[in-house]
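Chemist: Pasting in a structure now, in structure tokens, and then I'll have a few things to ask.
Just so it is clear, none of the values below were taken in a lab; they were calculated from the coordinates. This structure is a prediction, so every number in the text was calculated from the model and none was measured. Note that each Cβ is placed from the backbone with ideal geometry, even for glycine, and that neighbours are counted across all protein chains shown.
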Amino acid sequence: MKPFIAFFLLAGFISLQSCKSKNKIIWQIGNADNSSAEFSLAPNEYKRFLEKDFGWEDRFFLVGQSEIKSDFPYVLPGPSDEWGGTWSTAGWRSHSINILFGIEKLPKNGEWKLIVDLLDNNSEKLPVFKIIINGKSWKYEFPEGSGNNSIEDSTSSGKEFLIEIPIDNKLIKAGGNEITLATIQGSWVMFDQVRLEGPGNARLMDNTEVFLRNVQAANYEIETPSGKAQPLLIDIEHLSGKPKLNILLDGNEIFAETIETGRYIFEAPMPAVATSTKSKYEIRIDGKKLQSGKIVPHYTGKYGPKKNNLMKMH
Ligand SMILES: [Ca+2]
Ligand SMILES: [Ca+2]
């Protein structure tokens, strides 16, 4: 091998190594210590799961805001657990935990990994677990658990099941991200830790008044006083206060609203354009920039009829 080729190979190898070593923990929920003690309802109050309103689709754990001790249960029941709300008269109920997090700075390249470290699971009715990351899903069938009834007794040892999912950089978004953990079959699982690893230069967003779940152009049109428009859909979750939301397109305000409670999907009308050029949107909360990006309004008049002007979700 010629020396200069060897040099480039070596240089490539070193830069790859240094990239990898820069990975860090972006967030972690709990500690990897083979214990569930840090979570809500631990060590054995699983029967209060329903009373605490856990497991519902609209409930979420927001990284940086929610508290493990009150907002993340040590156990997630499966559809075959009566204490999780499955009765002969009520039908089966599956359960989920939604983890929300905002990425302020998303590197162009990076290796991400989600680690779901389970402490134990039911030994008889084996759980089937689904993990959804920004709409893409993975399914896991659990092996037998320890059989030690660890759900009731914090001193008994469990049987670890470790899930590691490498995530494509393209699946992570600048702005709002969502990971859902759900039991879709069988019985309960218990948590030791959930964590996300990613590139060292990625940065988490601070969310105090709102959490911006998603921004995208709609594939339908709406009527406005100044003609037809294509909505920019703003999926936003209220957290605190009564912040003012302003949406600008290429420097012009196209939408303003006060955010008071719950989750909203707003339609900010983007005026029709003759040619599809990239526009810049900016989302402001109380006058401060929350997020900006490029969008291609591709209104051509071919989209379907108007839908709801405002959808409020609970
Ligand atoms: Ca563990
Ligand atoms: Ca733990």
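Chemist: Mind ordering 31-42, 129-140 by average Cβ neighbours within 10 Å, highest first?
Modeler: Ranking the peptides 31-42, 129-140 by packing returns 31-42, 129-140.
Chemist: Determine the calculated [θ] at 222 nm for the chain from helices alone, applying -39500 (n - 2.57) to every DSSP H run no shorter than 4 residues and normalising by the residue count; nearest 500 deg cm²/dmol.
Modeler: Using -39500 (n - 2.57) per qualifying helix, the result is -2000 deg cm²/dmol.
Chemist: Mind ordering 144-151, 228-235 by average Cβ neighbours within 10 Å, highest first?
Modeler: 228-235, 144-151
Chemist: Under the 0.36 nm per residue contour assumption, what length would be gained going from the current alpha-carbon distance of K242 and A32 to full extension?
Modeler: 71.8 nm
Chemist: So, one more: Would you mind checking which residues have amide H under 5 Å from G293's amide H? H placed 1.01 Å from N; only 5 or more apart, or other chain.
Modeler: For G293, the qualifying residues are Y281.
Chemist: With axes computed from alpha carbons, what is the tilt in degrees of helix 3-21 against the longest principal axis of the chain, rounded to the nearest 10 within 0 to 90?
Modeler: Between helix and principal axis, roughly 70 degrees.
Chemist: Here is a further query. Once the Cβ-Cβ distance between W83 and K136 is put in as r, and R0 is 35 Å, what FRET efficiency do you end up with, to the nearest 0.05?
Modeler: 0.70
Chemist: Once amide H atoms are placed 1.01 Å from N in the peptide plane, what residues at a sequence separation of 5 or more from I26, or on another chain, have their amide H within under 5 Å of its amide H?
Modeler: It is L196, E197, G198, by chain and number.
Chemist: Then there's this: Simple spin-label model, 7 Å along Cα-to-Cβ: K22 to E51 in nm?
Modeler: Reported label-point gap for K22 and E51 is 5.0 nm.
Chemist: Identify all aspartates and glutamates with a Cα-Cα distance to K105 below 17 Å; exclude those on the same chain that are fewer than 8 residues away in sequence.
Modeler: The qualifying aspartates and glutamates are D168, E178, E197, D206, E282.
Chemist: Taking the Cα centre of the chain as the origin, how large is its charge dipole in debye, to the nearest 20, when only Lys and Arg (+1) and Asp and Glu (-1) carry charge on their Cβ atoms?
Modeler: 1620
Chemist: Here's something else I'd like to know. Within the stretch 113-145, find all residues whose amide N lies under 17 Å from a label point positioned 7 Å from the Cα of N214 along Cα-to-beta-carbon.
Modeler: 131-138
Chemist: If you take every DSSP beta bridge fully contained in the chain, what fraction is antiparallel? Give it as a percent rounded to 5.
Modeler: Counting only bridges with both partners in the chain, antiparallel ones make up about 95 percent.
Chemist: For the chain, evaluate the Debye formula with one uniform point scatterer on each Cα (no solvent term) and list log10 I(q)/I(0) at q = 0.06, 0.10, 0.12 Å⁻¹, rounded to two decimals.
Modeler: Debye intensities relative to I(0), on a log10 scale: -0.27, -0.70, -0.92.
Chemist: Select from P271, F191, F54 the residue farthest towards the positive end of the dipole of the chain; place +1 on Cβ of Lys and Arg, -1 on Cβ of Asp and Glu, and compute about the Cα centre.
Modeler: Checking the options against the dipole of the chain, the answer is P271.
Chemist: Taking H placed 1.01 Å from N in the peptide plane, check which residues at least 5 places from G145 or on another chain put their amide H under 5 Å from its amide H.
Modeler: HN-HN under 5 Å from G145: N121, S123.
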